[in-house]
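One structure is given below, encoded as structure tokens.
The values are calculated or read from the model by the stated rules, or taken from the named source; none is laboratory data. None of the values given here were measured: they were computed from a predicted structure. Quick reminder, even Gly has a Cβ in these numbers, built from the backbone with ideal geometry, and neighbours come from all protein chains shown. For accessibility, only protein heavy atoms count, side chains too; no ligands or nucleic acids. Shrake-Rupley method; radii C 1.70, N 1.55, O 1.52, S 1.80 Å.
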Amino acid sequence: LQRSTNGGNSFNNALGNINETGGWVTPWLQDPVAANTIYAGFINVWKSTNGGVSWTKISNFSNNANLNVVTISPADNTKIWAAKSGGLYVTSNGGSTWSTITNLPSGTITGIACSDTDPNKAWVTFSGFSNVNKVFYTTDLGATWTNISASLPNVPVNCITYQNNSNDGIYIGTDLGVFFKDASLSVWEPFFNGLPNVIVTQLQIYYPTGKIRASTYGRGLWESDLY
């Protein structure tokens, strides 16, 4: 992790007192409510309120794998999700205590998306080729899950993003392109007109112009109007 305080002209180490290893792509994110707070996922979840000068470890996972996903609910920033190989975890009190989610299929979780209005709603995506085990969602903070993978091709799902102020509209990036679904649709809609059939690695929505942007493996960045 690196930090710049001069618009990117130079960068300095922002690891502070973190003493754990991180993944090849170490997840970090800004708190959706408290702008000066950031989080990073190493073996555990770490929190900084001073731009990475110092950090506080807010989890104590027994699984020593590196975290690959950390997501905070924009509806309640005390609800945080974290995923690593062999484990999905959630806290409802800002990291004081964590619960291990055990009622999902085994596999690598690649993304977690949260509703912007309901803090108990979340969606998770899976990589791999386990047919019909691609996307699951919960309305009760992980106590129960619904499989909404039907109609998706059997390819890895690599990322997910939630469209704020929508009818639970979600976009997923797969090895074939982007798909969309909301609460009114019974099946996933292909959403890659004009996009090469390429691995989509990340999705983000830019709300001022109503665009969704996709990074790809080998074919650069693409954008589209929202669904």
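Side notes on the structure shown:
- Three principal axis extents describe the C-alpha atoms of region 66-153; from largest down they are 36, 28, 18 Å.
- Of the residues LEU176, TYR217, PHE136, the one whose Cα sits farthest towards the positive end of the charge dipole of region 84-227 is TYR217 (charges of +1 on Lys and Arg Cβ, -1 on Asp and Glu Cβ, taken about the Cα centre).
- Carbon plus sulfur fraction of accessible area for the chain, probe 1.4 Å, in percent: 48
- Overall dimensions of the chain by Cα: Rg and Dmax, Å: 17.3, 49
- Ordering of 35-42, 214-221 by burial proxy (mean other Cβ atoms within 10 Å per residue, highest first): 35-42, 214-221
- Virtual spin-label span in nm between SER96 and ARG213, 7 Å along Cα→Cβ: 3.8
- Span from the region 148-165 Cα centroid across to the region 114-146 one, whole angstrom: 10
- Principal axis dimensions, largest first and in whole angstrom, of region 1-120 by Cα: 46, 32, 23
- Since only THR97, TYR207, ASN147 are under comparison, the one whose Cα sits farthest along the positive direction of the charge dipole of the chain, derived from C-beta charges on Lys, Arg, Asp and Glu, is THR97.
- Percent RCO, i.e. relative contact order, over region 4-120, from Cα pairs under 8 Å lying at least 6 residues apart: 19
- Computed label-point distance, nm, for sites VAL132 and GLN30 using a 7 Å Cα→Cβ extension: 4.2
- Ordering 197-204, 93-100, 161-168 by mean Cβ neighbour count within 10 Å, with the highest value first, yields 197-204, 161-168, 93-100.
- Dipole moment magnitude, nearest 20 debye, the chain about Cα centre, only Lys, Arg, Asp, Glu C-beta charged: 460
- All C-alpha pair distances within region 38-100, sorted into 5 Å bins from zero, spread as 4, 20, 32, 27, 14, 4, 0 percent across the bins.
- With protein chains left intact and a 1.4 Å probe, residues in the chain average 49 Å² of accessible area per residue.
- The lysine pair count for the chain, using Cα distances under 26 Å and pairs eight or more places apart or on different chains, is 19.
- Note that region 136-227 carries a Kirkwood radius of 13.7 Å, evaluated over its alpha carbons pair by pair.
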